[in-house]
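Just so you know, all these numbers are worked out from the coordinates, no wet-lab data involved. Here the structure is a predicted model, which means the values were calculated and not measured. Cβ placement follows ideal geometry from the backbone for every residue including glycine, while neighbour counts extend to all protein chains displayed.
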């Protein structure tokens, strides 16, 4: 959903006051000058300075700040108030008024929307956990505990234990409806990889992988041309998924998982230039 960042009511049209005040002051100056008023020039100067202050206020209200517009009152003082060799007559005033009018329009067009901020890996992880809510609601605490233990033992290099915990967690999934197929595949991927490491064997052609139907449930979603190592990507997605399930469904493991959150955010960090989440 888009957020309307334009101030409501009269503030959304504040930029119109810049040409109105500046050119209005110049118009009054011309009228006074035609009537022979000796200090008519100050009406135009006052209009330009006042319009500069309006532009400053307009820039100050914007979610993104324009340094040039914020310093416009200073420029007005230097040009029109501080003694210098620059003429402060109608021609200079008109050029100045036209310039700040363009700045006001530019400010309204380009600086009205907040500058987008890049999400941190922790924010991405939290967003992913929210996205997993339909899956998390069907996982009981005991299953969540086994999932968390499978992940933690794998992280600590206890691969044999990680494989056993994965098997225990898998045994409990059959009783869960609807069947959490993506979690089952994540546990199978972890068990296969942990089993290989336990035997000092690298699994180069894994039997278990995620399916195309799992795509929307994964944290790291890449285009086919971005995938360099499908097996590594599946393992990374499995680890992030198991972390999310464990921390949300196993209160007993929540603190331990929070202490090792960096392990998961580092996985996401390695894909930060490719993430399409």
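Key figures
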| read-out | value |
| --- | --- |
| Cα-based shape type of segment 9-110, given that a ≥ b ≥ c are square roots of the gyration tensor eigenvalues and the cut on a/c is 1.5 | prolate |
| Top of 190, 55, 78 by mean-square fluctuation, Gaussian network on the chain, Cα under 10 Å | 78 |
| Computed helical MRE - 222 nm, the chain, DSSP H runs ≥ 4 contributing -39500 (n - 2.57), nearest 500 | -19000 deg cm²/dmol |
| Fully extended contour minus Cα-Cα distance, from residue 53 to residue 20, at 0.36 nm per residue | 10.6 nm |
| Förster radius 41 Å - calculated FRET efficiency between residue 84 and residue 262 (Cβ-Cβ, nearest 0.05) | 0.10 |
| Highest-first arrangement of 243-249, 81-87, 92-98, where packing means the average Cβ count within 10 Å | 243-249, 92-98, 81-87 |
| Sorted by Cβ neighbour density within 10 Å, fewest at the top, the residues 124, 16 | 16, 124 |
| Global form of segment 121-269, assessed from the alpha-carbon gyration tensor, a/c cut-off 1.5 | rounded |
| P(r) weight above 34 Å for the chain, C-alpha pairs, percent | 48 percent |
| Most mobile of 73, 230, 251 in a GNM of the chain (Cα contacts under 10 Å) | 73 |
| Cα gyration tensor category, rounded, prolate or oblate, for segment 41-86 with a/c compared to 1.5 | oblate |
| Highest-fluctuation residue, 43, 177, 35 considered, GNM on the chain with Cα pairs under 10 Å | 35 |
| Distance between segment 60-126 and segment 181-220 - C-alpha centres, whole angstrom | 54 Å |
